[in-house]
Amino acid sequence: MKLYSYFRSSAAYRVRIALNIKGLEYETVTKSLLDGEHRTIDFRTLNPQGLIPVLQTEEGALSQSIAIIEYLEERYPTPALLPTDPIARAQVRSMALAIACDIHPLNNLRVLNYLRGELKLDVVAVNKWYRHWIMDAFTGLETLVRRHSTQARYCFGDEVTLADVLLVPQMFNARRYETDLSPFPTLVAISNHLESLPAFTSARPDLQPDAM
Ligand SMILES: N[C@@H](CCC(=O)N[C@@H](CS)C(=O)NCC(=O)O)C(=O)O
């Protein structure tokens, strides 16, 4: 498989973690978001949305990180990223989607560029916006994981799930923008633990071939 990726793309970071957890080999093809390589006509033949990541599989090219990870889960079921119990599966997905739907789309490169360009916001205002949406969603997520995490090692129960795969890249972004994480001790403890696991460590942005 080929993963079209950019080292700092948190959506690509999610897919790297999932591929590593599943023990799947893949080749990284880097596309620089800063140089607009995701917007070229060539890249849009793979993903008409012009967004990273894309996973090229033997069965076709896939976009949208959650769809990619769910594909991997169905094709390569072990180790599982979703529990078997329907209510537990939905609870894990709801944590993952709190990040994927309620933070990430508001803090994306094109959104930040629009704030800077069209709306003429300065760097202080843009960074405030960025941190605001993380803190807003992390507030609910902190309560959710306290309910469902057994020992503050994983978001749900005592095994890695999709929620963990989403948390670590979002925590990376939160730190990058110097977000105050003191109200979220459980999320921080879980992320610290996860980041020590090999599947998560080797997916780190600074260890990718295009890291600057
Ligand atoms: N919902 C999509 C989001 C994809 C996405 O927005 N990726 C970012 C990088 S993390 C991107 O390509 N941004 C380019 C841009 O905003 O112009 C997913 O989960 O894959």
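The values are calculated or read from the model by the stated rules, or taken from the named source; none is laboratory data. Since the structure is predicted, the reported quantities are computational estimates derived from the model, not experimental observations. Glycine also receives a Cβ, built like all others from the backbone with ideal geometry; neighbour counts cover every protein chain displayed.
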Note: among 22, 31, 2, just one is within 11 Å of the ligand (Cβ to nearest atom) and either charged (D, E, K, R) or in the same structural domain as residue 177 (by TED's automatic domain parsing) (or both), namely 31
Residue hits (the stretch 118-153; among the acidic types (Asp, Glu) and under 21 Å from residue 105 (Cβ atoms)) are 118, 136, 142
In the stretch 155-185, anything in a helix (DSSP H, G or I) and more than 28 Å from residue 124 (Cα to Cα) is listed as 162, 163, 164, 165
Scanning the stretch 51-67 for residues that are more than 12 Å from the ligand (Cβ to nearest atom) and not hydrophobic (A, V, I, L, M, F, W, C), the one surrounded by the fewest Cβ atoms within 10 Å (Cβ to Cβ) turns out to be 58
Original post:
Right, residue 134: touching a residue at least 12 places away in the same chain (Cβ under 8 Å), within 14 Å of the chain's Cα centre (by Cα), within 28 Å of residue 185 (Cα to Cα) and assigned to a helix (DSSP H, G or I) or not?
Top reply: yes
Filtering the stretch 155-184 down to residues that are within 17 Å of residue 145 (Cα to Cα) and among the aromatic types (Phe, Trp, Tyr) yields 156, 184
Inside the stretch 42-87, the number of residues satisfying the requirement of being within 17 Å of residue 10 (Cα to Cα), among the β-branched types (Val, Ile, Thr) and assigned to a helix (DSSP H, G or I) is 3
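Hey, any hits in the stretch 116-126 for a residue that's within 16 Å of the ligand (Cβ to nearest atom) and at positive phi? Break it down stepwise before answering.
At the first step, the residues of the stretch 116-126 found to be within 16 Å of the ligand (Cβ to nearest atom) are 116-119, 126.
Right, trim to at positive phi and you get none.
Scanning the stretch 116-126 turns up no residue that is within 16 Å of the ligand (Cβ to nearest atom) and at positive phi.
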In the stretch 95-113, is there at least one residue being in contact (Cβ under 8 Å) with a residue 12 or more places away in the chain and over 24 Å from residue 16 (Cβ atoms)? no
Subset of the stretch 68-98, residues over 14 Å from the mean Cα position of the chain (by Cα), surrounded by 17 or more Cβ atoms within 10 Å (Cβ to Cβ) and over 24 Å from residue 24 (Cα atoms), comes to 91
Listed by first then second residue, the pairs whose first member lies in the stretch 166-192 and is under 20 Å from residue 156 (Cβ atoms) and at pLDDT 95 or above, whose partner is small (Gly, Ala, Ser) and not in a helix (DSSP H, G or I), with beta carbons under 7 Å and at least 6 positions apart or on separate chains, are 186/149; 186/152; 189/152; 190/149; 190/152
